[in-house]
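Nothing in this text is a laboratory measurement; each read-out follows from the coordinates by a stated rule. Predicted model, so just to flag it, every value in this text is computed and none were measured. Here the Cβ positions follow ideal geometry from the backbone for every residue, glycine too, while neighbour counts run over all protein chains shown.
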Amino acid sequence: MAAAAELTLLEKCLGLSKGNKYSAQGERQIPVLQTNNGPSLTGLTTIAAHLVQQANKEYLLGSTAEEKAVVQQWLEYRVTQVDGHSNKDDIRTVLKDLNSYLEDKVYLTGYNFTLADILLYYGLHRFIIMKLRHRLVKELPPVTASIQGWGFSRVPGSNSVCEHRCAWQVLLNQRVKFVFANLRRSCPRHWIKQKCTELRE
Amino acid sequence: MRLFVSEGAPGSLPVLAAAGRAQCRAELLISTVGPEECVVPFLTRPKVPVLQLDSGNYLFSTSAICRYFFLLSGWEQDDLTNQWLEWEATELQPALSAALYYLVVQGKKGEDVFSLVRRALTHIDHSLSRRSCPFLAGETESLADIVLWGALYPLLQDPAYLPEELGALHSWFQTLSSQEPCQRAAETVLKQQGVLALRPYLQKQPQPSSLEGRAVSNEPEEEELATLSEEEIAMAVAAWEKGLESLPPVQPQQNPVLPVAGERNVLITSALPYVNNVPHLGNIIGCVLSADVFARYSRLRQWNTLYLCGTDEYGTATETKAMEEGLTPQEICDKYHVIHADIYRWFNISFDIFGRTTTPQQTKITQDIFQRLVARGFVLQDTVEQLRCEHCARFLADRFVEGVCPFCGYEEARGDQCDKCGKLINAIELKKPQCKVCRSCPVVKSSQHLFLDLPKLGKPLEEWLEKTLPGSDWTPNARFIIRSWIRDGLKPRCITRDLKWGTPVPLVGFENKVFYVWFDATIGYLSITANYTDQWEKWWKNPEQVSLYQFMAKDNVPFHGLVFPCSALGAEDNYTLVSHLIATEYLNYEDGKFSKSRGVGVFGDMAQDTGIPADIWRFYLLYIRPEGQDSAFSWTDMLLKNNSELLNNLGNFINRAGMFVSKFFGGFVPEMVLTSDDRRLLAHVTLELQHYHQLLEKVRIRDALRSILTISRHGNQYIQVNEPWKRIKGSEADRQRAGTVTGLAVNIAALLSIMLQPYMPTVSATIQAQLQLPPPACSILLTNFLCTLPAGHQIGTVSPLFQKLENDQIESLRQRFSGGQAKASPKPAAVETMTTAGPQQIQVLMDEVTKQGNIVRELKAQKADKNQVAAEVAKLLDLKKQLALAEGKPLETPKGKKKK
């Protein structure tokens, strides 16, 4: 997903109405936002954090010092590790590491949904889709079980390709928007499960 | 909380500085771990520094750790800081880790290292100076400053990597480095060993991915459409309306061209190619082609322009070549001079003079400069230990010795420089030296030599540089190279050689010696001019009125920017010294390297046989000109650029504009009634034209070419939006609109033909003939866009300018030029004689090889005298070499021999 499209999607999720225009810079097509009242902002996570503030949803950047640092750390991870690599081994390492990090967590900061979850989700999206397309999906459950649970829907008992695909597609189309419209800080785990089940049906 | 660090891990610097600055160092427990220890349980690859929080969670990102410390001290995050940290992680770190890896692990130095980070450093410098803030994110130092300072410190603490031009960066860096938390962090991490303290850590790290297949980008930077003020539009329209009237009278071509007081006088040189090498594409773009574009541009500006070059003919290499080919050195020079001249003629290089260095003028001027240097005490005498090959009975010039590099152990280091580590080598320091001709081991003999006393000339040199460099257009790499030479201390430099083929040394006791080519080759520019006009001193002893532009690849910088200026300053004869030294980086060939000594790549004389016109070669080479960073010649890219930029963009636009005039208006330029959109377009084109001028005045040749393509893109869009081919069939108003659009478009095409002249002279002339552009307009380029084809002007016959390059055509060319030129098989100079031998000759040579092989085997079987065997082996090798050349095959590498 091009950075500009990603930011536009984020704007919608945040309930920002006006719709910024983004230009792209350099070979890597780094997004640039021309703000009304100041110099332009460059960089995906920089602009994303700025949008979150504009939408008065600062809690998405974390509330304690620790959370704030963790959020920024994963944002950095997104643009350096996830975006930076395209060879299979690197991708595998990224997925494996994330998977083991998320073993005992609901979200990247623990129990609070933040901007880091959104951007990392967007960033991983292309890998997972690629995997599905290449029918490597059999590797998926053991490697990325908890990522799936985190990013999409921890659907009890869903292991087959088809079900995964359904979960992904649902998520692609609705999940993120939905999550944004409804989720509040510290949302309990069972609540997500329930929503996921709803979605599935 | 516990901080895990590792000896020499660069990330410790910002982390410790931030902890100090945010006053949380007291709460930190610090544990030192090995560089390969996995501290963070969920990360596969080891990572330090890592901060383990009291919650048990880990922070493994250096910036995040620093941020955490700052957040604890009550600091609040802001957009600007976020932006800097994101830039640090995505742009600075990849460049910096590559640079540190080069410097610390691979032992590279200077420009190799600096070129990796130049862009990033310039970005910081510009941001600081543009905002005129002392710190990155405001008036006080903050998180962004600490993180970037910490990242940069290991490199920038060596002043060599912090050039003075980057003034704002310089003072920012100094300010931070002097602060207590930063100082303490630096002491703890670098332990006063400088950057080498990082070695234990960096050695254990994989090579940074930014270095693997370091992408050499041939892509342009983004174009942004500027916003125009009403005033600018009005000015552009006014200039346009004046049309041809505003052209000054064309100055008649002078012969000889001489400088005129009060006018702009531009003297241009391109590095003298060494006569016995056929230049490859990299040489052509670095020297003659770049200089040619600038010379043509300079003439379009009506500046008095003299562009000269010539072959550098003296030296051992010529002597050896002569021996090989059984000719005299003079005959060799005569033969190859013609080859060079032909190649440049084919590439349409507009020399005023293409001379040579083996002339009486060269002797006269060189000896004069030398005598003056002697008289002023700038020449020293000393005994030199030198390698002499007893088998060949001569002293060996640096380039005729090969051996093991004393610094890095590379096995095929040349006598003057190691190709691997890039260090300059004194030939007698080579381990296991070998004569490159006969492969026997040379001995060290002593000989009397003369030296230019560079240390004594250091002061005038520095004074001159201080006066010349600021505000000049010396390329950053040239500045850097000169600065590092001066920093490392100037040493006396030998200017004589034990040879016959050279300029004789006019001093008693030196009758059998000649000047070292690098003392007198740069004097070649003067003597070549002297052969062109007896008034040569008007150019070369006239520093007040002449701007001297010298073009070269970066390896030539020391001789032009330092050695020659020292000779000239020492001679105290008011010589014109280089005002703008324009050095390119290197051009690579596909995935490998062009190399004079190994003969890999496409060479000048072969370009003609590809069926691709010279202008297309010129265009593509200039499009990828290694300006600011290395670039690569790629066949696929050439096809792409030809088909997209030339055919679909430029050619398409110019052709359509002309065709509309012919088809819809009977070949006469229609009446133009400008609307506000047209005026805006005029202003955009004018702006782009001015941009083109600014760039070329600064000799940014590659960038200026983009301006041409941008204008034609605007033009294509303009036609596409206005659809003259539809409107011509419409109402009266529609037809008028079609006329205006066509008229404006064809005038843009005319402008493009002039802007294109320095780059593609033949195509430019073709367009001008098709459009019947009035002669004065063809030879002058003003800074404004004029209506040069007014309503009623009749154009000529329009036809397509470019041809599509097909995939299979390019594929077969790639095959043809890669055959036997693979990296592993160096092929010295084979290209020159490849096609000359017939089958009979080959048969004769094969027989001789067999015969000689038998002799060698016999001798070996008899356990004959070593020297005798060596001599016969040398003969055999020579025969094999001749055979390989005759067959056009790559040589068996001598490396294989060693392994046996």
Check: Over chain B, what is the percentage of antiparallel beta bridges among all DSSP beta bridges, to the nearest 5?
Finding: 55
Notebook entry, point to check: Given a Förster distance of 30 angstrom, what is the FRET efficiency for A:Glu103 paired with B:Glu37, based on the Cβ-Cβ distance and rounded to 0.05?
Noted result: 0.90
Checklist line | Long-range HN-HN contacts of B:Val384 with modeled amide H, under 5 Å | finding: B:Ser447, B:Gln448, B:His449
Checklist line | About the Cα centre, charge dipole magnitude for the range B:87-209 (Lys/Arg +1, Asp/Glu -1 at Cβ), debye | finding: 420
Checklist line | Positive-end residue of B:Phe510, B:Asn542, B:Phe480, charge dipole of the range B:408-546 with Cβ unit charges | finding: B:Phe510
Checklist line | A:Ser40 versus B:Arg487: modelled label distance in nm, points set 7 Å from Cα along the beta carbon direction | finding: 3.4
Next item on the list: Starting at the first residue of the range B:697-714, write each ³J(HN,Hα) from the Karplus equation 6.51 cos²θ - 1.76 cosθ + 1.60 with θ = phi - 60°, in whole Hz, x for Gly and Pro.
Entry: 4, 8, 6, 9, 5, 5, 5, 5, 4, 4, 5, 4, 5, 5, 4, 5, 5, 3
Item checked: Euclidean distance between Cα centres, the range A:84-123 to the range B:618-693, Å -> 47
Item checked: Per-residue HN-Hα couplings for the range B:349-359 [Karplus 6.51, -1.76, 1.60; θ = phi - 60°; Hz; x = Gly/Pro] -> 7, 8, 4, 7, 9, 10, x, 8, 8, 8, 10
Next item on the list: Rank by packing, highest mean first: peptides B:397-405, B:507-515, B:346-354, with packing defined as the count of other Cβ atoms within 10 Å averaged across residues.
Entry: B:397-405, B:346-354, B:507-515
Note to self: Nearest 500 deg cm²/dmol is fine: what mean residue ellipticity at 222 nm does chain B get from its DSSP H runs of n ≥ 4 alone, each adding -39,500 (n - 2.57), divided by its residue count?
What the structure shows: -14000 deg cm²/dmol
Notebook entry, point to check: In µm²/s, what is D for chain B at 10 °C and 1.306 mPa s, where D = kT/(6 pi eta Rh) by Stokes-Einstein and Rh is the Kirkwood radius from Cα pairs?
Noted result: 51
Next item on the list: Estimate the FRET efficiency between B:Leu327 and B:Asp534 by the formula 1/(1 + (r/R0)^6), using the beta-carbon distance for r and 35 Å for R0, to the nearest 0.05.
Entry: 0.65
Next item on the list: Could you let me know the centre-to-centre spacing of the range B:401-445 and the range B:273-302, using Cα atoms, in angstrom?
Entry: 32
Next item on the list: Report the label-to-label distance for B:Glu139 and B:Glu232 in nanometres (one decimal), using points 7 Å from each Cα along the Cα→Cβ vector.
Entry: 3.3
Note to self: Please give the Cα centre distance for the range A:27-76 versus the range B:65-102, rounded to the nearest Å.
What the structure shows: 14
Margin query: Please report the net charge: other residues with Cβ closer than 15 Å to the Cβ of B:Thr357, K and R +1, D and E -1.
Written below: -2
Item checked: Top positive-direction residue, dipole computed over chain B with Cβ charges, set B:Tyr201, B:Leu71, B:Ser779 -> B:Tyr201
Note to self: For a Förster distance of 41 Å, can you work out the FRET efficiency between the beta-carbons of B:Asn648 and A:Tyr59, rounded to the nearest 0.05?
What the structure shows: 0.20
Check: Once you put a point 7 Å from the Cα of B:Glu466 and another 7 Å from the Cα of B:Leu53, both along the Cβ direction, what distance in nm separates them?
Finding: 5.5
Item checked: Length-normalised contact order of the range B:661-757 in % [C-alpha pairs under 8 Å, at least 6 apart] -> 36
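Classify the range B:1-137: rounded, prolate or oblate, from the alpha-carbon gyration tensor (a ≥ b ≥ c, eigenvalue square roots; a/c under 1.5 rounded; otherwise prolate if a/b is larger than b/c)? Walk me through the numbers on the way to the answer.
Values: a/c = 2.22, a/b = 1.20, b/c = 1.84.
Since a/c reaches 1.5 but b/c is at least a/b, the shape of the range B:1-137 is classed as oblate.
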Next item on the list: Classify the range B:1-57 as rounded, prolate or oblate, taking a ≥ b ≥ c as the square roots of the eigenvalues of its Cα gyration tensor: rounded when a/c is under 1.5, otherwise prolate if a/b is larger than b/c and oblate if not.
Entry: oblate
Notebook entry, point to check: How much length is gained on full extension from B:Glu27 to B:Arg857, taking 0.36 nm per residue of separation minus their Cα-Cα distance?
Noted result: 290.9 nm
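Hey, got the dipole for chain B? About the Cα centre, +1 on K and R Cβ, -1 on D and E Cβ, debye to the nearest 20? If you can, show how the numbers build up before the last one.
Numbers: 93 positive and 101 negative charges, 511 e Å.
For this selection, approximately 2460 debye.
Residue separation times 0.36 nm, minus the C-alpha to C-alpha distance between B:Lys459 and B:Ser73: what's the value?
Working: separation 386, 0.36 × 386 = 138.96 nm, distance 5.17 nm.
Length gained, B:Lys459 through B:Ser73: 133.8 nm.
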Margin query: Of B:Ser447, B:Leu51, B:Val763, which is farthest towards the positive pole of chain B's charge dipole, taken about the Cα centre with +1 and -1 on the beta-carbons of Lys, Arg and Asp, Glu respectively?
Written below: B:Ser447
Notebook entry, point to check: Fully extended, how many nm does the chain gain between B:Cys408 and B:Asp609 (0.36 nm per residue separation, minus their Cα-Cα distance)?
Noted result: 68.3 nm
Notebook entry, point to check: Whose amide H sits under 5 Å from the amide H of B:Phe633, counting only residues 5 or more places off or on another chain, with H placed in the peptide plane?
Noted result: B:Asn588, B:Tyr589, B:Glu590
Check: Which shape class, rounded, prolate or oblate, goes with the range B:369-467 when its Cα gyration tensor gives a ≥ b ≥ c as root eigenvalues, a/c under 1.5 marks rounded, and past that a/b bigger than b/c marks prolate?
Finding: oblate
Check: Residue-wise, which Karplus ³J(HN,Hα) couplings in Hz belong to the range B:437-444, taking 6.51 cos²θ - 1.76 cosθ + 1.60, θ = phi - 60°, and x for glycine or proline?
Finding: 7, 10, 6, 8, 8, x, 10, 8
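Any idea what the relative contact order of chain B is, in percent, if you count C-alpha pairs under 8 Å spaced at least 6 apart? Write out the running numbers ahead of the final one.
Working: 1451 pairs, mean separation 106.1, N = 900.
Relative contact order, chain B: 12 percent.
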Next item on the list: Over the range B:422-530, calculate the relative contact order: mean separation of alpha carbon pairs under 8 Å at least 6 apart, over the residue count, as a percent.
Entry: 21
